[in-house]
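The values are calculated or read from the model by the stated rules, or taken from the named source; none is laboratory data. Since this is a predicted model, take the numbers as computed values, not measurements. So basically every Cβ, Gly included, is an ideal-geometry build from the backbone, and we count neighbours across all protein chains shown.
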Amino acid sequence: MTAFDSIHLSRRQALVAGATVSICDGGHRDGKIHPNQSKGTSDMTQSFVRTKDGVEIFYKDWGPKDAQPIMFHHGWPLSSDDWDAQMLFFVNQGFRVVAHDRRGHGRSAQVSGGHDMDHYTADASAVAEHLDLKNAVHIGHSTGGGEVARYVAKFGEPQGRVAKAVLVSAVPPLMLKTESNPGGLPIEVFDGIRKALADNRAQLFLDFPSGPFYGFNRPDAKVYPGVIQHWWLQGMMGGAKAHYDGIKAFSETDQTEDLKKITVPTLVMHGDDDQVVPIDDSANLSVKLLKNGTLKVYKGYPHGMLTTHADVINPDLLAFIKG
């Protein structure tokens, strides 16, 4: 039995819950930072921060403001909502939990440019600085793992803002096959994703979670339609331009040097049945580049194991953070 098997939420309950969140949020979608939403003492905050290049980035900030912060970085083409299971778990453990929507994703501004790892990292830094996060644990999934690696190397660690880092099913060091990375995936794979997105993004965003992302294409896999729909909804909230350009960002960014610069304890978590980011050319290489890295492999787990196996992943994250 998985964590999903014990969940029974009726449609009526879901609608009521959604309406309650909307009311509590106050309907603030004007892209401005409101005084009662930014650095207040409220245990639950949702707001926006403006980056140096003028982009409005949505973020959530839950839990006691004096607790150790955990900042979550989501994958392509999703949003901070992909961290629901982790944010609820850790806020109930007494942590301060923060997650943002990458530019062009979720509720953040759908700008036409800046969809690259440097801008992603600068946006994350804008959130961390605005909230004055210190001694934080940064956890990134997939593309978000690349964001974490660059953030820790470039912004966080030199300023003493980062205590630990976690890379989950993460893309570093480099996904693309090159002369120096012969085990990577050929460019044709990513060209195919770009074409599918340009032709019919809505269908691609159904096919991807229905198949390899959660391992629902494996024999005897138990498929959860709600998980697929949640993935689709997150994706379609974002902008097509951001998603299209983001393919280059997550596949062609070489983060070898980022990984070499990181000295804080770093946990690398990966499923050995990840069909999206194969473990041999990601986690198995990354841990060798990290000065203080630990690899934890999950047998048979898919790329989206944060959702499918949250009941296992969350306690492992907690043990690492407290260790």
Say whether the condition of being out of contact with any strand residue (DSSP E or B) (no Cβ under 6 Å at 6 or more places or on another chain), at positive phi, surrounded by fewer than 22 Cβ atoms within 10 Å (Cβ to Cβ) and in contact (Cβ under 8 Å) with a residue 24 or more places away in the chain is met by at least one residue in the stretch 115-126. no
Has the stretch 177-189 got any residue that is modelled with pLDDT of 95 or more, crowded, with 20+ Cβ neighbours inside 10 Å, closer than 30 Å to Asn292 by Cβ and among the basic types (Lys, Arg)? no
In the stretch 262-314, how many are surrounded by 18 or more Cβ atoms within 10 Å (Cβ to Cβ), of a type outside the set (A, V, I, L, M) and more than 26 Å from His230 (Cβ to Cβ)? 5
Could you run through the stretch 128-171 and say how many residues are assigned to a helix (DSSP H, G or I) and buried (at least 24 other Cβ atoms within 10 Å of the Cβ)? 12
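Sort out which residues of the stretch 139-167 are charged (D, E, K, R) and touching a Lys or Arg at 6+ places or on another chain (Cβ under 7 Å), and write them in order of number. Before you say what the answer is, go through the steps one by one.
From the stretch 139-167, those charged (D, E, K, R) are 147, 150, 154, 157, 161, 164; that's our starting set.
Residue satisfying the conditions is Arg161 alone.
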Check off (1) farther than 21 Å from His230 by Cα; (2) in contact with a Phe, Trp or Tyr (Cβ under 6 Å, 6 or more places away or on another chain); (3) buried (at least 24 other Cβ atoms within 10 Å of the Cβ) for Ser108 and give me the number that stays unchecked. (1)
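Give the residues of the stretch 176-194 that are among the charged types (D, E, K, R) and outside any helix (DSSP H, G or I), sorted by residue number.
Our first condition is that a residue be among the charged types (D, E, K, R); within the stretch 176-194, this holds for 177, 179, 188, 191, 194.
Lys177, Glu179 - these are the residues of the stretch 176-194 that are among the charged types (D, E, K, R) and outside any helix (DSSP H, G or I).
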